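Report on the following structure.
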Protein chains: 2
Amino acid sequence: MDGIDVVIARFDKFPEVVSEYSYPIYPDLKKILSGLAITKEVDLDSLVSSHFVLASEYAKAVSGALKRAKIPAKKIRAIGLHGQTIRHIPKLQATFQLGSGAALTALTGIDVVNDFRSGDMALGGEGAPLVPMFDFRYLRSKKKNRIVLNIGGIANITFLPANCREKEVMAFDTVPGNMIIDPLVEKYFDKPYDKEGKIAKKGKIDEKIVRKLLLSKYFHQRPPKSTGREMFGREYLKNFISLRPENAIATATELSARSIANAFDLLPQKTLRLHPTQIIASGGGVKNNFLCLRIKELLPDVEFKTSDEFGIPSQAKEALAFAWFAKAFLDDEYIHLPKTTGASKKIIVGSLSKGK
Amino acid sequence: MDGIDVVIARFDKFPEVVSEYSYPIYPDLKKILSGLAITKEVDLDSLVSSHFVLASEYAKAVSGALKRAKIPAKKIRAIGLHGQTIRHIPKLQATFQLGSGAALTALTGIDVVNDFRSGDMALGGEGAPLVPMFDFRYLRSKKKNRIVLNIGGIANITFLPANCREKEVMAFDTVPGNMIIDPLVEKYFDKPYDKEGKIAKKGKIDEKIVRKLLLSKYFHQRPPKSTGREMFGREYLKNFISLRPENAIATATELSARSIANAFDLLPQKTLRLHPTQIIASGGGVKNNFLCLRIKELLPDVEFKTSDEFGIPSQAKEALAFAWFAKAFLDDEYIHLPKTTGASKKIIVGSLSKGK
């Protein structure tokens with residue numbers, strides 16, 4: 001919601017990020033988008049209009065990225081578009097990403113593949129996670145167990161046992177990444193995020209609150225499972241209201257670290273003992289040194305690396321996966337792992353709008 | 001909104017309707033859909049959920065149609081899906097059709113092409129009409145001017161001058177078809193529509209009201225233009241409230257007839273004088289004898305025919321056009337006439353979700 005991340009990538013044996021670009025979402029639009037995410041009743045005219053406004057911002061982001069990289073649009077095979085999730089409610093079989101793919105195609109003249117979650121959900125799946133197939137394809141190891149950890153607003157992991165086959169892959173949301181830390185930092189310090197985790201480092205963790213929040217059912221539920229921002233909205237922030245600002249940030253950061261570390265309890269313990277295990281981390285949370293430090297401290301037997309060390313820029317990994325999803329759709333390749341989403345069968349996910 | 005129309009068609013030189021099927025929309029869903037169409041603020045959870053509920057009803061309709069026709073799903077190349085318009089507001093560049101194409105694909109295993117209007121609208125077009133290319137392709141004549149008239153909720157025409165080229169095609173919404181008549185019949189007579197126009201026939205037309213309503217700007221605006229149901233919602237029905245029931249139906253029917261006939265004033269008069277002109281009518285309104293009679297009386301020089309006489313069942317024509325749109329998308333054929341929609345350029349409209 002803070003900005004539009006664009007990567008230009010080439011897929012050969014291994015994905016190569018040619019260029020990264022970030023385009024801001026202007027404040028009024030950000031306000032509309034955050035409003036949609038937390039409001040029950042919405043103005044339908046404005047909602048439908050935002051679907052197109054956001055697509056036109058996506059078009060500007062794409063055009064900016066191409067200009068910066070000096071690559072003409074006709075050299076791009078397709079855009080993989082996630083869009084802005086405004087609802088993701090597996091129990092209602094309902095998910096919606098704002099930002100019209102058809103409009104983005106019309107405005108850029110480039111093929112767009114989007115709407116990757118709806119088909120899975122129609123088949124009883126969680127509509128998430130989708131990135132595990134990318135992780136399986138490009139990050140599994142013969143000799144090591146790997147936990148591919150992405151820390152965005154939500155944090156999620158893909159578990160790739162050493163030398164695993166597709167059906168052994170596990171993946172789920174561990175849950176808060178930055179989505180509690182960031183709003184608290186904005187509220188108390190008027191900054192978008194806790195740079196390098198400096199604020200958290202100065203604060204004192206309230207262990208009682210962390211323990212209380214970790215009792216929540218979701219953390220203990222066995223995968224497949226996924227969640228949305230709804231679970232950690234304004235209401236949830238009230239859990240930190242009694243704390244002094246630094247302490248609130250430290251406690252929220254600890255909650256993220258602990259929920260990530262605790263997720264290891266949901267993995268097959270035998271497999272974890274069989275081979276050494278590496279974390280491959282990516283996402284905005286990787287820049288939060290304090291958060292990463294806590295994860296390392298909580299998981300002393302695990303080697304902590306970032307995806308950069310494997311040739312995938314940690315800030316570009318999610319966008320890169322969606323670029324690959326677009327390619328996979330066009331090549332009739334499956335990216336869909338029903339075992340991780342809970343869907344009743346394997347399908348080709350995504351919808352194509354043709355740019356030429 | 002009353003039901004889901006399915007046609008199974010084969011496209012050769014001329015489209016052949018293999019089978020027609022109609023599947024009811026259950027009352028609670030109809031209530032939700034009509035609510036969305038006229039309400040300003042909506043519950044976002046319920047909206048997103050309806051997107052999937054409706055797709056699952058579409059899947060049942062498709063499955064029912066295939067079963068009835070004894071055709072296996074694998075014999076179907078693609079489904080062309082319009083979806084249920086809940087907003088169509090060209091001046092806001094906003095349109096949205098409910099009923100997820102990705103979900104319909106997942107549930108049927110058949111390729112789905114849908115979302116035919118968004119790309120046009122992103123390019124500044126009205127997002128409508130789309131059927132003119134179908135009319136141009138299959139219904140133009142060497143020696144006669146043809147007005148292809150569809151009377152659904154909204155009525156619209158495609159003008160095909162004798163032996164015309166693509167760029168000479170004109171098309172626009174003439175506006176009320178059944179969308180005023182039906183709610184009034186439901187209100188006063190508790191029936192879904194005025195069967196054969198029998199009620200209107202017994203009523204007396206209030207000429208003053210008809211004239212007043214025909215002053216509305218839209219009727220006189222030059223094409224390209226299109227409109228949505230919003231313009232003729234609950235508020236509009238109040239114009240008929242002072243009349244006795246039969247007279248209200250007669251007056252609403254006359255408004256439809258007159259707005260259709262008046263649309264001829266917006267066509268190039270020279271072309272109309274050059275060749276004889278035929279109307280080819282289709283849609284639910286064709287069954288309203290009184291409405292058709294009034295159109296004939298108002299346009300004595302024009303030959304009135306229904307599309308049935310040209311091999312296209314008049315109740316299946318719209319659905320048939322969308323089946324053809326799906327085919328056209330897959331074959332990289334344009335169905336998009338910027339001249340009739342006002343879009344800035346020609347594009348391939350639609351989005352594909354892959355069923356296999």
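Distant-in-sequence amide contacts of A:ALA9, defined by a placed amide H-H separation under 5 Å and a gap of 5 or more residues or a different chain, comprise A:VAL18.
Looking at region A:6-140 from every direction and averaging, what is the projected area of its Cα convex hull in nm²? Don't jump to the answer; show the numbers that get you there.
Details: hull surface 37.9 nm².
Projected area, direction-averaged: 9.5 nm².
In percent, rounded to a whole number, the relative contact order of region B:25-182 is 15, using alpha-carbon pairs under 8 Å and six or more apart.
The fraction of all Cα pairs in chain A landing in successive 10 Å bins from 0 to the largest distance is 5, 25, 35, 27, 8, 0, given as whole percents.
For chain B, the relative contact order is 23 percent, taking Cα pairs closer than 8 Å that sit 6 or more residues apart in sequence and dividing their mean separation by the residue count. Using equal-weight Cα scatterers in the Debye expression, the normalised intensity of region B:108-163 in log10 at q = 0.26 Å⁻¹ is -1.02. Nearest 5 is fine: what % of DSSP beta bridges in the protein assembly as shown come out antiparallel, could you say? About 75 percent, rounded to the nearest 5. Expressed to the nearest 5 percent, the antiparallel share of DSSP beta bridges inside chain B is 70 percent.
Which log10 I(q)/I(0) values does the protein assembly as shown give at q = 0.09, 0.10 Å⁻¹ under the Debye formula, counting every alpha carbon as one identical point scatterer? Values, matching the q order: -0.82, -0.97.
Amide H contacts of B:ALA94: B:ILE89, each under 5 Å away and 5 or more positions distant or on a separate chain (H built 1.01 Å from N in the peptide plane; Pro and chain starts excluded). Cα centroids of region A:172-186 and region B:71-105: 36 Å apart. When the alpha carbon coordinates of region A:88-196 are projected onto the principal axes, the ranges are 45, 40, 33 Å, largest first. Over the C-alpha atoms of region B:212-314, the Rg to Rh ratio, Rh being the Kirkwood estimate, stands at 0.98. Summary value for region B:200-356: 22 percent relative contact order, contacts being C-alpha pairs under 8 angstrom separated by 6+ residues.
No value in this document is a laboratory result; all are computed from the given coordinates. Just so it is clear, the structure is predicted and the values come from calculations on it, not from any experiment.
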